[in-house]
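> After the structure tokens below, expect a handful of questions from me.
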Amino acid sequence: MKYEAVIFDLDGVIVITDSYHQKAWKTSALEFGIDYKDEWEEELKGLDRRESMERLLKLSEKLLSKEEKEKFLHRKNELYLELIEGLNEAVVMRGVKETIIKLRKNGIKTAVGSTSKNAMRILSLIGLTDLFDYVSYGENIKKGKPEPEVFLNAAAHLKVSPSKCLVVEDGEAGVKAANRAHMDCAYLS
Ligand code: B16
Ligand code: MG
């Protein structure tokens, strides 16, 4: 195999949390007088929380003060955290755990590459924390996808050259990030 490491996106690849993000954005947006449209979901996928909010405000042509923006971000995350509390091992995407175990048995390193600041909480809820050699996520990077940092950070910690890493992604921003990191990318649509 050409690859020495596989880096998995979290939301939408390991576990389906996209609908929770969407629900939390929709509910908090309505509370702030924003008419959220479901078709905006794809545009927000993979962007970090602040970037998602800025995109949402632009799409809805709504202006919020600095203070309101902070409250909006806080509220969205509060709702999201409530929604993910119900996650457990049963919601892990079919075949994911087995694939990671097989890769590791074959000497391939594995990591998570997620923009989410809640990645550790999610991994703990679904019981996969110990399965990865490294977790690169919102709390240990400065710039989220489409910037390549989340994947380059993973490669550096795994001590594998980017050209020997394969990224598994479901979001446009993540595919761009993998391209910018000069890594091959398997896209799950
Ligand atoms: P949080 P991923 C991304 O995770 C989600 O796709 C994206 O929709 C979300 O805004 C982002 O995490 C930030 O999440 O608010 O939990 O920090 O796909 O990179 O695993
Ligand atoms: Mg994703």
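The values are calculated or read from the model by the stated rules, or taken from the named source; none is laboratory data. Keep in mind that what you see is a predicted model, and the values were worked out from it rather than measured. Reconstructed Cβ throughout: ideal geometry from the backbone, glycine too, with neighbour counts over all protein chains shown. With ligands, DNA and RNA removed, areas are computed over all heavy atoms of the protein, side chains included. Shrake-Rupley method; radii C 1.70, N 1.55, O 1.52, S 1.80 Å.
> For labels at residue 65 and residue 19 in the simple 7 Å Cα→Cβ model, what's the distance in nm?
Output for this residue pair reads 3.8 nm.
> Take the Cβ-Cβ distance between residue 74 and residue 172 as r, set R0 to 35 Å, and report the resulting FRET efficiency rounded to the nearest 0.05.
After rounding, the FRET efficiency stands at 0.85.
> Related question: What is the spin-label model distance, in nm, from residue 85 to residue 184 if the labels are put 7 Å beyond Cα along the C-beta direction?
For the pair residue 85/residue 184, the computed spacing is 4.3 nm.
> Then there's this: Want the number for residue 104 to residue 31: 0.36 nm per residue separation, take away the alpha-carbon distance, what's left?
21.7 nm
> With unit charges on the beta carbon (Lys/Arg positive, Asp/Glu negative), name the residue among 88, 56, 103 whose Cα is farthest towards the positive pole of the charge dipole of segment 1-158.
Farthest along the dipole direction, towards plus: 103.
> For residue 97 paired with residue 42, estimate the spin-label separation in nm (one decimal), with each label point 7 Å from Cα along the Cα-to-Cβ line.
Distance between the two pseudo-spin positions: 3.3 nm.
> Let me check I've understood the local charge: for residue 29, count other residues with C-beta under 11 angstrom from its C-beta, Lys and Arg +1, Asp and Glu -1. What total comes out?
Local charge sum for residue 29: +4.
> Find me the longest stretch of the chain that has none of the exposed trypsin sites (Lys or Arg not before Pro), where exposed means in a DSSP loop (not H, G, I, E or B) with at most 13 other Cβ atoms within 10 Å.
On the way: sites that count: 2, 37, 94, 142, 143, 159.
Excluding the exposed sites themselves, the longest stretch runs over 38-93.
> Consider just the alpha-carbon atoms of the chain and return their Rg together with their Dmax, both in angstrom.
16.6, 52
> Can you sort 185, 165 by solvent-accessible area, 1.4 Å probe, largest first?
Details: 185 40, 165 0 Å².
Final ranking, largest accessible area leading: 185, 165.
> If you don't mind, another one. Using the alpha-carbon centroid of each, what span in Å lies between segment 81-158 and segment 7-61?
About 19 Å separates the Cα centre of segment 81-158 from the one of segment 7-61.
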